[in-house]
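The values are calculated or read from the model by the stated rules, or taken from the named source; none is laboratory data. Source: prediction; values computed, not measured. All Cβ positions, glycine included, derive from the backbone under ideal geometry; neighbour counts span all protein chains shown. Surface areas here come from the heavy atoms of the whole protein model, side chains and all, with no ligands, DNA or RNA. Shrake-Rupley method; radii C 1.70, N 1.55, O 1.52, S 1.80 Å.
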Number of protein chains: 2
Amino acid sequence: MSRPIDSKKRSEQWQELLKKKQYSSLYTYMKEAPPVEVGDFLSYQPLKDCAAIIELFSIEEQASLFEHLQENQQLALYTLIPKRVLADIFANMSSDIRVDFYQKLSNNQKIELLPFLSRAVKQDMITLSIYPRETAGGIMSTDFVALRHDSTVGEALEQMRKDAPSNKMIYYLYVVNHEMEIMGFVKLRELVTASPSAPITDILHDTFIFSEVREDRESVARKIEKYDLVALPVLNSNGQLVGIVSYDDAMDVIRVEQTEDMERFMGIVPDESKDDYLQTSSFQHFKKRISWLIGLFFLSFFASFIMHKYESLLSTLGVLALYLTTINDAGGNAGSQTATVVIRALSLGQVKLKDWLRIVIKECKVALMFALLLSLLAFVKVVFFASLGEFLGRHLALPKEGMLQLAFVVAIALSIQVVVSTLIGAGLPMFITWLGKDPALAASPAITTIVDSTGLFIYFNIALKLLSSTAVL
Amino acid sequence: MSRPIDSKKRSEQWQELLKKKQYSSLYTYMKEAPPVEVGDFLSYQPLKDCAAIIELFSIEEQASLFEHLQENQQLALYTLIPKRVLADIFANMSSDIRVDFYQKLSNNQKIELLPFLSRAVKQDMITLSIYPRETAGGIMSTDFVALRHDSTVGEALEQMRKDAPSNKMIYYLYVVNHEMEIMGFVKLRELVTASPSAPITDILHDTFIFSEVREDRESVARKIEKYDLVALPVLNSNGQLVGIVSYDDAMDVIRVEQTEDMERFMGIVPDESKDDYLQTSSFQHFKKRISWLIGLFFLSFFASFIMHKYESLLSTLGVLALYLTTINDAGGNAGSQTATVVIRALSLGQVKLKDWLRIVIKECKVALMFALLLSLLAFVKVVFFASLGEFLGRHLALPKEGMLQLAFVVAIALSIQVVVSTLIGAGLPMFITWLGKDPALAASPAITTIVDSTGLFIYFNIALKLLSSTAVL
């Protein structure tokens, strides 16, 4: 029968055994569990315990556990494990995780480790470490099987059998010529069902999806997603096969880019560290948000300037101040929500820049509906509070007959502001895309700050127009 | 050599051929291309052309193309294709996409189609259609290979060869007993390298990750991601294997949930429709955002109430109105940014509710740094504009010596407001999680509206305290 995996219960059991220092029964249980859970568990144990437990495993298992440790535990463990053992672990790790770890070592640590590494591992790490993190080269691994184009199905199966216990991805096998130029790929399922004496070219797919090594990692992930691939070959500019990106790397990219998009949109500068929330220091959190806040500070000068420009109006009719917040909030919401929708549609590829007119028309229609509804609500609100004001004791200058006029001013200013904010919220991400940048840079706080200015300008001008023609001003 | 796939060029070429009605050469080119691209292309062609082109393909290919059409084109095509042909196409589609399509048919259309469907297809669709969309059952497919636990490796390979041309996922093969209860799984790579006469139990993994059929789809996607699985078995409450979810379904879930999270956080109600931005009507867009806006309208009454409560203060010292926006924006930003960070950390599982104190402490530290910096900037801003006001001609009551006092009031109110907003931004998502709901419901517009109230309250009270003790009031 099935053995249900309950990771929480399991980690409690392990904690118990660890307290009693029963390392060998701990090993027995852990050997049965998925490495990612053991790695998660060991990441939060004292370094000595972690080292003592890891030692019990075979080198292959140690490599797999090491891959799943948190970064700080990996680095701490580095100092405890003899370099010769570490070199063995290194040889058994996935090539992409290995190079990520290696790049986090200090120069001295690298020099210490290098003499113990095999030539193949060293070369592999050099290949992988030259590409920036946000490119196909930066996320690819070299754990692929390359078949010669003149081999038979039987020879390919033989080679696959040899490679099977390794970390290599074997669902797709890539066929290359003498120059390592890619000719196509074969699927394992087809290899298994083909006649062993047939030439490999019989089952070759010579039309295939690939990525250039300098291609943006998000575009790589999107290809894997769109074409439902298990893995995607990565080629250099000579058409030579240099690595593969597999579906699980693509998932990681989707998650990371998702967090980055959301952070960017809220005016937080994403960083490349893999630390989670609690590991990131407060100062680090502060730094991630500060550059935007300073930018917004200067952007907000426009709003302040407009406010001061209409000081005389505010001094004559202080009651206007009561609905500043209503106008600002409605504009901020309308602008930010529109930006959210447009940014998602742009980044999911549902709309292109050339659709700009259709986007603007659609958002205008939506904005008009909001404008109608929200201005009605605002009208009611002004009347409600103005009537309430009679009870609370009114202090700001508003002649009795001015109440309805004020309600009109707020309602009309609000509806214009909603339309203007919607257009800004739709236009800014498109403009940023047109500049070749990530549309999520049209951050919500920036939109809010920009539409503060338009809101004040609209509000004060409507007030001047409408109220000066009546008896109020 | 490699044949680079340039989907854009290709679709231009197809468009050209289509204009000349050269269906047969169109077919030759399309046969070579990935079905997803052909499906994308055909989705935007006139229905007649689409039907004429699809007819040229084999039934298996038609099924694959049909899967990749946009929903509205699928439904339109439904009326054109004879039901007998459609039933054949149905039999060759992936089970999960097939049932999704079937559920979109009207009752009459279902009744029309049913007599042509094979018993197996009907049963399969009944099984799959009983589970809600947001569960494991709602996204699973039945395209798996189940091996009997008493078979040998050789028999398993034979069965796999038989299933290989189908849609079935064959990288993992599931081993079941007579009752269809799952015993474990074998990997194709291990099956291929094992001795054909060995019992299948020799290479059986009997500890494995699975999902319950009613488990939330996001949790399923998370398991596939965490354990790097190609596919995950789905069991009913009797431990029987009822379906699988594969990595590409998980990717879809991650994307959909990502959009939903972002929309929810911006106060947009996500819907289950798969329509993209331009297909969604303006009224639909309006409806997605309206419920929140009405809620916010009532929430904003608190801020208006506070504003009216301090009307006398505003009437005496109208200059206070000039910095309302500064206080509100700083609070809104601080609160929303904190909520973004906390929601991401919660939904990525980086923090748990029991970490609440650590989160609050960390955010307080960050808030204090912001408070210090922003209040300094605000102080400078007030002094700047007050000095500028001398040129612009000051209209609002502020005695000469009051400038510094006002700058102090704004700076102190702002720093308290930043800390309070940060705490609300961190606390609200945790509170909503504690209620068992999605933390992204702590939407940014709601936080902004809530901290408007605290901001006004803090600002007016600081003004009363500090200014009444000086000569200004």
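Here are some notes:
- Residue tally, condition more than 9 Å from every other protein chain (Cβ to nearest Cβ) and under 19 Å from residue B:347 (Cβ atoms), over the stretch B:258-287: 4
- Of residues in the stretch B:297-308 being within 7 Å of another protein chain (Cβ to nearest Cβ) and touching a residue at least 60 places away in the same chain (Cβ under 8 Å), the one farthest from residue B:464 (Cα to Cα): B:300
- Some residue of the stretch B:240-253 being open to solvent by 10 Å² or more (accessible area, probe 1.4 Å) and modelled with pLDDT under 90: no
- The C-beta contact set for the stretch B:325-339 (first residue more than 9 Å from chain A (Cβ to nearest Cβ) and closer than 24 Å to residue A:260 by Cβ, second residue open to solvent by 10 Å² or more (accessible area, probe 1.4 Å) and hydroxyl-bearing (Ser, Thr, Tyr), distance under 8 angstrom, 6+ apart or interchain) comprises B:335/B:448.
- For the stretch A:343-365, the tally of residues that are of a type in the set (A, V, I, L, M, F, W, C), buried (at least 17 other Cβ atoms within 10 Å of the Cβ) and within 8 Å of chain B (Cβ to nearest Cβ) stands at 3.
- Residue pairs meeting the criteria (Cβ under 8 Å; at least 6 apart or on separate chains; first touching a residue at least 24 places away in the same chain (Cβ under 8 Å), in the stretch A:162-183; second open to solvent by less than 50 Å² (accessible area, probe 1.4 Å) and among the acidic types (Asp, Glu)): A:167/A:143; A:168/A:143; A:169/A:143; A:170/A:163
- Leading residue by the ranking (modelled with the lowest pLDDT) among those in the stretch B:273-303 that are part of a loop (DSSP other than H, G, I, E, B) and among the hydroxyl-bearing types (Ser, Thr, Tyr): B:273
- Scope the stretch B:72-114; condition part of a helix (DSSP H, G or I) and in contact (Cβ under 8 Å) with a residue 60 or more places away in the chain; matching residues: B:72, B:92, B:95, B:96
- Exactly one residue among A:65, A:69 is under 27 Å from residue A:96 (Cβ atoms), in a loop (DSSP other than H, G, I, E, B) and within 31 Å of the chain's Cα centre (by Cα), and that residue is A:69.
Okay, residues lined up against (1) open to solvent by 30 Å² or more (accessible area, probe 1.4 Å); (2) touching a Phe, Trp or Tyr at 6+ places or on another chain (Cβ under 8 Å):
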| site | (1), (2) |
| --- | --- |
| B:123 | yes, no |
| B:127 | yes, no |
| B:131 | yes, no |
| B:136 | no, no |
| B:144 | no, yes |
| B:150 | yes, no |
| B:154 | no, no |
| B:159 | yes, no |
| B:168 | yes, yes |
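- Per the conditions (1) open to solvent by less than 30 Å² (accessible area, probe 1.4 Å); (2) in a helix (DSSP H, G or I), the sole criterion not satisfied by residue A:267 is (2).
- Just one of the listed residues (B:207, B:193) is free of Cβ contacts under 8 Å to residues at least 12 places away in the same chain, within 12 Å of chain A (Cβ to nearest Cβ) and open to solvent by 20 Å² or more (accessible area, probe 1.4 Å), namely B:193.
Yes/no per residue for (1) assigned to a strand (DSSP E or B); (2) closer than 30 Å to residue A:306 by Cβ; (3) touching a residue at least 60 places away in the same chain (Cβ under 8 Å); (4) open to solvent by 10 Å² or more (accessible area, probe 1.4 Å):
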position: B:220; (1), (2), (3), (4): no, no, yes, no
position: B:229; (1), (2), (3), (4): no, no, no, yes
position: B:257; (1), (2), (3), (4): no, no, no, yes
position: B:271; (1), (2), (3), (4): no, no, no, yes
position: B:315; (1), (2), (3), (4): no, yes, no, yes
position: B:323; (1), (2), (3), (4): no, yes, yes, no
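- Hits in the stretch B:131-162 (condition: within 14 Å of another protein chain (Cβ to nearest Cβ), of a type in the set (D, E, K, R) and part of a loop (DSSP other than H, G, I, E, B)): B:143
- Residue count, the stretch A:100-116 (criterion: of a type in the set (A, V, I, L, M, F, W, C) and either open to solvent by less than 10 Å² (accessible area, probe 1.4 Å) or closer than 25 Å to residue A:253 by Cα (or both)): 3
- Of residues in the stretch B:434-470 being outside any helix (DSSP H, G or I) and open to solvent by less than 10 Å² (accessible area, probe 1.4 Å), the one modelled with the highest pLDDT: B:443
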